[in-house]
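Everything below concerns the one structure shown next.
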Amino acid sequence: MEVRKLNPAVGAEIVDLDINNITETEFGCLVEAWDSHGGLLFRDQRLSNDALVDFAARFGELEAAPVMENGRTPVPGYPEIYVVSNVLGTDGKPIGSLGAGEAVWHTDMSYLENPPDASMLYALEVPPTGGDTWLAGMSAAYEGLPDQLKVEIRGKRIKHDGTFNSGGFKRAGVEVREDPRESIGAYHPIVCAHPRTGQPALYLGRRRLAYVEGLELAASEALLDQLWAHATKPEYVFSHSWRVGDLLMWDNRATLHRRDPFDADARRIMHRTQIKGATAPLAA
Ligand code: OGA
Ligand code: MN
């Protein structure tokens, strides 16, 4: 197996590895690559639901899938698998979440006190074009912040909203509050230390209904806009064009991700697992 860097700020491809047959030595190398790159891509895999869940569980305890927009439980018998799909079921409702539109920059489930450390997305069906997934490296983004902004955010926390998912859909059972100070969510430090490497990284969650604790609303909005404009600059990101059998995993403590829109008449079916956060995000 070989590790090939995808972008200076984030991501590596693992070449020549069959996830169904990983030795302990190979797994050791994977963990090393995982700690240093924040995102790992594996191509040409053939994974059953069991194999996907088993592989994810080698990285840590799994989190149950969040409630989907359609209020359904995702895959019968696999409470850990979250379905990301625009495909309609026999009842005319989507079988998964996020539709076919853009999914804006975010990190997964940061509205929880203990968000998942990592997510793994496996492609079962992909559209001919569009639907690319982008990662942004938040350690590099933190390092690259102007000094004055680093000072401004020192010791501060962001409120991470739990009302809307990244596709802009409201989560089932949540009431919409337009004021970010009143919506549901959790507070986390803006600069977090990676739980395994100690590396500081920007931890932004998602922009919509975010709020910087203790600031006037207008000041909070202005600071968040600056941080988001910086964190998603081209030098920190790469995009991945999917083929069936690709698996992309990202470290939610060290990256942001987003998805391009695609033709709503095309089919895209992805299975996601999420690895539990060992701790709440730690201040750097
Ligand atoms: C996710 C997600 C984007 C995509 O599964 O958490 O944001 O490309 N998916 O489907
Ligand atoms: Mn996501």
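The values are calculated or read from the model by the stated rules, or taken from the named source; none is laboratory data. Just so you know, these numbers come straight off a predicted model, no measurement behind them. Every residue, glycine among them, receives a Cβ derived from its backbone with ideal geometry; neighbour counts consider all protein chains shown.
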Checklist entry - Within region 1-21, restricting attention to residues that are of a type outside the set (A, V, I, L, M) and within 13 Å of residue 40 (Cβ to Cβ), which residue is farthest from the chain's Cα centre (by Cα)? => result 2
Next on the checklist: With farther than 15 Å from residue 170 by Cα and near ligand 1 (Cβ under 10 Å from one of its atoms) as the only criterion, which of 100, 123, 136, 118 stands out?
Outcome noted: 123
Checklist outcome for this item: Residues of region 238-260 being crowded, with 23+ Cβ neighbours inside 10 Å and away from ligand 1 (no atom under 13 Å from the Cβ), in sequence order, are 253, 254
Next on the checklist: When the residues of region 66-88 are narrowed to those that are of a type outside the set (Val, Ile, Thr) and at pLDDT 90 or above, which ends up nearest to residue 279 (Cα to Cα)?
Outcome noted: 80
Checklist entry - Is it true that some residue in region 261-273 is away from ligand 1 (no atom under 13 Å from the Cβ), aliphatic (A, V, I, L, M) and either farther than 18 Å from residue 103 by Cβ or under 14 Å from the mean Cα position of the chain (by Cα) (or both)? => result no
Next on the checklist: Given (1) among the aromatic types (Phe, Trp, Tyr); (2) over 25 Å from residue 174 (Cβ atoms); (3) not in a strand (DSSP E or B), identify the lone condition not met by residue 238.
Outcome noted: (3)
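Just checking: which of the strands (runs of 3 or more DSSP E) contained wholly in region 35-147 hold 1 or more residues that are without any contact (Cβ under 8 Å) to a residue 40 or more places away in the chain and within 17 Å of the chain's Cα centre (by Cα)?
Numbers: elements: 39-42, 82-85, 103-106, 118-125, 133-137.
Strands (runs of 3 or more DSSP E) meeting the threshold: none at all.
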Next on the checklist: If I filter region 178-189 for residues that are buried (at least 22 other Cβ atoms within 10 Å of the Cβ), in contact with a Phe, Trp or Tyr (Cβ under 9 Å, 6 or more places away or on another chain) and at pLDDT 95 or above, do I get at least one hit?
Outcome noted: yes
